[in-house]
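*Asks:* After the C-alpha cells below, expect a handful of questions from me.
The values are calculated or read from the model by the stated rules, or taken from the named source; none is laboratory data. What you are looking at is a predicted structure, and each value in this text was computed from that prediction instead of being measured. With ideal geometry, Cβ positions are generated from the backbone for all residues, glycine too; neighbour counts draw on all protein chains shown. Keep in mind that these areas ignore ligands, DNA and RNA; they rest on the heavy atoms of the full protein, side chains included. Shrake-Rupley method; radii C 1.70, N 1.55, O 1.52, S 1.80 Å.
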Amino acid sequence: MDITYKKEKVVQIKRRKYNADGIRLLLMTIPFLLFVIAFSYVPLFGWVYAFFDYKPGIPLSQTAFVGLEHFREMLHDRDMGRVMINTLALSVLSILFAPLPLVLAIMVSEVRNGFFKRLIQTTTTLPNYISWIIVFSLAFSMFSSEGAINTAIDRLGLSDTPLNVLGNADHVWLVQTLLLIWKTIGWNAIIYLAAIVGIDGEQYDAARIDGAGRLRSIWYITIPNIMPTFIVLLLLAVSNLLSAGFEQYLVFNNIMVADKIEVLDLYVYRLGLVTNDYPYSTAVGMFKSVISIALLFMINSLSKRVRGESII
Amino acid sequence: MIRAENTKSIQWSDWLFNAINYTLLTILLIVTIYPFYYIFIYSISDSFRAQSGVFLWPAGFSLESYKATIKLQGLGDAAIVSVLRTVLGTAITVVCCSFFAYLITKREMPFRKIIYRFVLITMYFNAGFIPWYLTMKMYGLQNNFLLYILPTALTGFYIILIKTFIEQLPPALEESAKIDGAGYITIFTKVIFPLSTPIIATIAVFAAVGQWNTWFDNFFLVENPKLQTLQLLLYNFLSQSNSISNMSAADLTMSAEARVMTPQSIQMTITMLVTLPIVIVYPMLQRFFVKGIMMGAVKG
C-alpha cells in the first residue's frame, strides 16, 4: 500500500515537472512564432488584392470586389502565354542539364591527386557564392564587344564581326542555361560527392577482383548508388518549374532579349512595380504559388508511392 | 597469359580514362577561374592600354583605377552598409535559428511537431512579390536598415540542418547539465551551442554570403542612398554604363579625378572589390562547410 502510494507520487511529480517545462518551452517559442507569422503568414493576406479592383492610394474598403475577374484576365493575356513559354523553356532546359553536376561529381571522385581534387572542388563551387550581379559583370567582361572573347577572336583574326552573346534573342535561353550551369554545377556536385563518399568501398574492391575497370565500376556501382539522390533533386527541380529564377533574368535583361527572357517572376514585378497594376500582378503571383504547391504535393506523393519516402 | 594481357589493357584504359578526366576537369577549371582572373588583370592594368584588350597578362601596371573607384560617390557608405548587414544579419540568423532548432528538439514541448511544420511550411510557401512588398511597407521597413536583417532571421533550411545536428549529440551531456540545475537557456548557451560549432559555422557562412549578395530588398524598397549596398551600387553602375553611352555614364557617376579612367576599368575594379571578400573568406571555410552540408545531407 505504502509502496504504491509512493510510486504514484513519483509519477505525479514527474508529470507536473513535464508540464511546467513544456509550458516554459512553449513560451520561449512564442516570439519566434510571432516572427514567422509576421514575415511569412501576414503577407498572405495580401492575396485579397487579387479579388479587388485596388488602385494604390485608395483604401481597399473603397474599392470594388471583382471576384475572379483578374484570374479570368490571365486567360486572355497575350503576354501571359509568352511569359509562361519563357519560364517553362528555361526550367525545362535546366532540368535537361541536371545530370551534369552528377557527372562532375563522378569525375572529381575519380581524381586520385588530393591537391587537384581540392583545387577543382574549391574552384567550381566558388561561383555559387557570388551574386548574379557579379556573374553579370563577369559575363559582360567576357562577352561584350570589347570583352575578352571578342578581343581574342579579333587578335587571332578569326572573324571581323564581334559575337553578340548577351544580346542575341535566338540563343538567349541556351546562354542563360549555360550561365546557370556555370554558377551552380560545382555546388550541386557536392551533394552527389557526399553520396559517393558514403558508398561502401567493399563494393568497388569486389568489382575490381571480378576484373571490372574504372568505367564499369562507375556504371554498375557509383551510378546506381547515387540515383536516389539524383531523383529527389530532380523532383524538387520539377516542383520549381515556375520559379525559373528572378535575379538572373532581371540582371541579364536587355532590350534585345527582353521578350524571351521575361519569366513569370519578372512579369509579376513589371506588372506590379512598373505599371502599378497591383491586383493583376498579385493574381499572377498567386497563380504561380498555387501551381508550385500543387506540383510539390503531387511530386511528394509520387515519391512516397515509388520510393516509400517523402521529400518534404 | 590471358590474365596478364587483361591487366595490361586495364592499365591502358585506366591511363586513357585519367587523361580524359584530367583534361576535361582542367578545361572546367579554366572556364570557371578565367573570368575572375580577367577582371583582376584588367583592374590592375593601365586603364587606357587595357582598352585595346588584355588577355593573359595585365597591360602595364597601375592602381589608379582602385584609387578612382574608392573615391566613387557613395562607395564608402555602401561598403559600411554591406559589412554591417552581413555581420548583424548573420549574427541574428545564427542565434535565432540555432535557439529555435534547440527548442524544437525538446520532446517535452507540447505541439512540437505542429510548430516545427508551421515554420517549415514557409520554405515552400510564399505570398509572392506584391504582398511581400506591401507588407514590408506596412511594417515601416521601407528605407529602413532593419529590412536587411529582420526577415531572414528564421530560415527553414538552416533550422533543419541545426536540428538534425543537435539530435545526434549524446543526450547524456544535456542531462548532466540538467542535473546540475541548469535551465534551458543555460544548457543551450553552455552546452549545445558550443558543441554545435561545425554546423553553426556552416550556417554562418551561408547566411553571411547570402547577406553579402542580397540586393533585391535594397533595389525595391530602399531609396535612401545612405543605405545603399555595394551590390546595388555595382548593379546601378552596370546598368548605367550599358544604357547610356559609356563616357556620359562615367561623367554621371565619377568624381573629377576619376574621369581620367575608362568605365570598363572602373567596372572591373568595383566587381573586384565586391568579389574579393568572398574569394578571400570562402576557400578558408570551404572544407568546413562541405562537412556541414554532408552531415545535413545524411538525413536528406
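*Asks:* Can you list the equivalent-ellipsoid semi-axes of chain B, largest first and in whole Å, using the square root of 5 times each Cα gyration tensor eigenvalue?
*Replies:* Numbers: eigenvalues 352, 243, 57 Å².
Taking √(5λ) for each eigenvalue gives 42, 35, 17 Å, largest first.
*Asks:* Let's test the formula: R0 of 30 Å, r as the Cβ-Cβ distance of A:Ile95 and A:Ile149. What FRET efficiency results, to the nearest 0.05?
*Replies:* On the way: r = 28 Å, r/R0 = 0.93.
So, using R0 = 30 Å, E works out to roughly 0.60.
*Asks:* Also, quick follow-up: Counting just the Cα atoms, what span does segment A:77-306 cover along each of its three principal axes? Round to the nearest Å and put the largest first.
*Replies:* 67, 57, 26
*Asks:* Using the Cα centre of segment A:77-306 as origin and beta-carbon charges of +1 (Lys, Arg) and -1 (Asp, Glu), tell me which of A:Leu88, A:Ala294, A:Val263 is placed farthest towards the positive end of the dipole.
*Replies:* Positive-most Cα among the choices belongs to A:Ala294.
*Asks:* Given the whole protein assembly as supplied and a 1.4 Å probe, what does the accessible area of A:Ile181 come to in Å², nearest 10?
*Replies:* 30
*Asks:* With helices defined as uninterrupted DSSP H runs, which ones in chain B have an alpha carbon span along their own long axis of at least 27 Å and mean Kyte-Doolittle hydropathy of at least 0.5?
*Replies:* Values: long enough: B:2-43 (61 Å, 0.64); B:75-104 (42 Å, 1.79); B:263-299 (49 Å, 1.06).
The answer, listed by residue number, is B:2-43, B:75-104, B:263-299.
*Asks:* How much FRET efficiency would the formula 1/(1 + (r/R0)^6) give for B:Gln73 and B:Glu175, where r is the Cβ-Cβ distance and R0 is 56 Å, rounded to 0.05? Please report the intermediate quantities before stating the final value.
*Replies:* On the way: r = 59 Å, r/R0 = 1.06.
E between B:Gln73 and B:Glu175, to the nearest 0.05, is 0.40.
*Asks:* What 222 nm value per residue comes from the helices of chain B, counting each DSSP H run with n ≥ 4 as -39,500 (n - 2.57) and dividing by all residues, nearest 500 deg cm²/dmol? Let's see the in-between values first.
*Replies:* Working: 15 runs with 218 residues, N = 300.
-23500 deg cm²/dmol, from helical runs alone.
*Asks:* Next up: Interface B/A, total buried accessible area with a 1.4 Å probe, nearest 100 Å²? Mind dumping the intermediate values first?
*Replies:* Values: alone 18500 and 20580 Å², together 31150 Å².
Counting both chains, the buried surface is close to 7900 Å².
*Asks:* A 23 angstrom limit on the alpha carbon distance is what I want to check against. Which of A:Lys304/B:Lys113; A:Lys55/B:Lys226; A:Lys183/B:Lys163; A:Lys183/A:Lys304; A:Lys183/A:Lys288 exceed it?
*Replies:* Working: A:Lys304/B:Lys113 20 Å; A:Lys55/B:Lys226 31 Å; A:Lys183/B:Lys163 29 Å; A:Lys183/A:Lys304 31 Å; A:Lys183/A:Lys288 25 Å.
Listed pairs above 23 Å: A:Lys55/B:Lys226; A:Lys183/B:Lys163; A:Lys183/A:Lys304; A:Lys183/A:Lys288.
*Asks:* To the nearest 20 Debye, how big is the dipole of the protein assembly as shown about its Cα centre, given +1 on the beta carbon of each Lys and Arg and -1 on that of each Asp and Glu?
*Replies:* Numbers: 46 positive and 37 negative charges, 444 e Å.
Dipole size: approximately 2140 debye.
*Asks:* As an exercise, identify the trypsin sites (Lys or Arg not before Pro) in segment A:52-138 lying in DSSP coil whose Cβ has no more than 12 other Cβ atoms within 10 Å. Don't jump to the answer; show the numbers that get you there.
*Replies:* Details: sites: A:Arg72, A:Arg78, A:Arg82, A:Arg112, A:Lys117, A:Arg118; in loops: A:Arg112.
Those that pass, being in a loop and sparsely packed, are A:Arg112.
*Asks:* Roughly how many nanometres apart are two label points built 7 Å out from the Cα toward the Cβ at A:Met74 and A:Ala294?
*Replies:* Distance between the two pseudo-spin positions: 0.8 nm.
*Asks:* Probe of 1.4 angstrom, ligands and nucleic acids ignored: what's the accessible area per residue over chain B, in square angstrom?
*Replies:* Numbers: 14610 Å² over 300 residues.
I get 49 Å² per residue for chain B.
*Asks:* Turning to a different aspect of this structure: Using only the Cα atoms of segment B:53-192, what do you get for the radius of gyration and for Dmax, in Å?
*Replies:* 22.5, 71
*Asks:* Which is farthest toward the positive dipole end of the protein assembly as shown among B:Phe145, A:Met227, A:Gln62, measuring Cα position about the Cα centre, with Cβ charges +1 (Lys, Arg) and -1 (Asp, Glu)?
*Replies:* It is A:Met227, whose Cα lies furthest towards the positive end.
*Asks:* Quick one: compute the contact order of segment A:77-306, relative version, from alpha carbon pairs under 8 angstrom and 6+ residues apart, as a percent. Before the final figure, lay out the partial values.
*Replies:* Details: 209 pairs, mean separation 66.5, N = 230.
RCO, segment A:77-306: 29 percent.
*Asks:* Counting other Cβ atoms within 10 Å of each Cβ, which trypsin sites (Lys or Arg not before Pro) in segment B:106-145 have at most 12 and sit in a DSSP loop?
*Replies:* On the way: sites: B:Lys106, B:Arg107, B:Arg112, B:Lys113, B:Arg117, B:Lys137; in loops: B:Lys106, B:Arg107.
Listed in order of number, the matching sites are B:Arg107.
*Asks:* Quick one: which residues, 5 or more positions from A:Phe52 or on another chain, have an amide H under 5 Å from its amide H? H modelled 1.01 Å from N in the peptide plane, none for Pro or chain starts.
*Replies:* Residues meeting the criterion, in which the H sits 1.01 Å from N, are A:Val66.
*Asks:* Among the residues of segment B:206-241, which ones have their accessible area go down by 40 Å² or more when all the protein chains sit together, as opposed to their chain alone (1.4 Å probe)?
*Replies:* By number: B:Asn213, B:Trp215, B:Phe220, B:Tyr235, B:Leu238.
*Asks:* So for the pair A:Leu163, A:Thr122, with labels modelled 7 Å out along Cα→Cβ, what separation do we get in nm?
*Replies:* In this crude label model, A:Leu163 to A:Thr122 measures out at 3.0 nm.
*Asks:* What percentage of the solvent-accessible surface of the protein assembly as shown, computed with a 1.4 Å probe over protein heavy atoms, is contributed by carbon and sulfur atoms?
*Replies:* Numbers: 20640 of 31150 Å².
Exposed carbon and sulfur together represent 66 percent of the surface.
*Asks:* What accessible area per residue, rounded to a whole number of Å², is obtained for chain A using a probe radius of 1.4 Å?
*Replies:* Using a 1.4 Å probe on heavy atoms only, each residue of chain A averages 53 Å².
*Asks:* Under the 0.36 nm per residue contour assumption, what length would be gained going from the current alpha-carbon distance of A:Ala258 and A:Val66 to full extension? Numbers along the way, then the final one.
*Replies:* On the way: separation 192, 0.36 × 192 = 69.12 nm, distance 3.16 nm.
Taking A:Ala258 through A:Val66 to full extension adds about 66.0 nm, to one decimal.
*Asks:* Using every alpha carbon pair in segment A:61-189, what percent of pairs falls into each 5 Å bin from 0 up to the bin containing the largest distance?
*Replies:* Binned Cα distances yield the sequence 2, 8, 12, 13, 14, 13, 12, 9, 6, 4, 3, 2, 1, 0, 0.
*Asks:* Extending each Cα 7 Å along its Cβ direction at B:Ile114 and A:Asp53, get the distance between those two points in nm, one decimal.
*Replies:* Between B:Ile114 and A:Asp53, the simple spin-label model gives 4.2 nm.
*Asks:* Now for a separate question. Could you give the spread of the C-alpha atoms of the protein assembly as shown along their three principal axes, from largest to smallest, in whole angstroms?
*Replies:* Here the spans come out as 103, 93, 51 Å, largest first.
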